[in-house]
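Please read the structure below before turning to the comments.
Please treat every number below as a calculation from the coordinates, not as lab data. Just so we're clear, the structure is a prediction, and the values are computed from it rather than from any experiment. With ideal geometry, Cβ positions are generated from the backbone for all residues, glycine too; neighbour counts draw on all protein chains shown.
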Amino acid sequence: MSLTICQMEYSPFCIPITAALRASGTEFENREIPNWDRTELLRLTDGAYYQVPVLVHDGRVVIESSADSEDIARYVDAHFAGGRLFPERFTPSSTHWRNSPPRSTSAEFNALTDAYQFLIHFALSFSELVVPPPVDQRSKVGL
């Protein structure tokens, strides 16, 4: 079995996928894609897709179908995690999800949750560095 994830290491879209693969104990090859050269992604997808992550499993290329899809995560769950990342009781369509707060029951689900929490923390921390203060407050911070 060969499994390769084409990713950018700090991409918020890649972190949860690699965390899920690690949590499920799956061996995989990381292929870092430079932000300025997406040629390999275009080659793998015959020019149809240039974003990360792209999963290549035994020659099959798996990509997201839309900006808010979970296609790759669902593929990882179905093929490597045995349905433990998206158990029925945690899906929004299940009755349990609407009636009570979810409780994690597996290390894989915890790892995925931790990855998302890291992502939110990282994004909030980083946004303070790159987003300048409002114009009326710039004199207060020395800009």
Ordered by residue, what ³J(HN,Hα) values in Hz, to whole numbers, does region 36-53 give under the Karplus form 6.51 cos²θ - 1.76 cosθ + 1.60, where θ = phi - 60° and Gly and Pro are x?
-> 8, 9, 9, 4, 5, 5, 5, 5, 5, 9, 6, x, 8, 8, 10, 9, 10, x
Here the gain from full extension of THR39 to TYR10, 0.36 nm per residue of separation minus their alpha-carbon distance, amounts to 8.5 nm
What shape does region 1-95 take by its C-alpha gyration tensor, where a ≥ b ≥ c are the square roots of the eigenvalues and a/c under 1.5 counts as rounded, a/b above b/c as prolate, and the rest as oblate?
-> prolate
Those GluC sites (Glu not before Pro) in region 1-61 that DSSP places in a loop and that have at most 16 other beta carbons within 10 Å = GLU9, GLU27
Before anything else, pin down the relative contact order of region 26-89: Cα pairs under 8 Å, at least 6 apart, normalised by residue count, whole percent.
-> 17 percent
Residue separation between SER2 and VAL62 times 0.36 nm, minus their alpha-carbon distance, gives in nm 20.3 nm
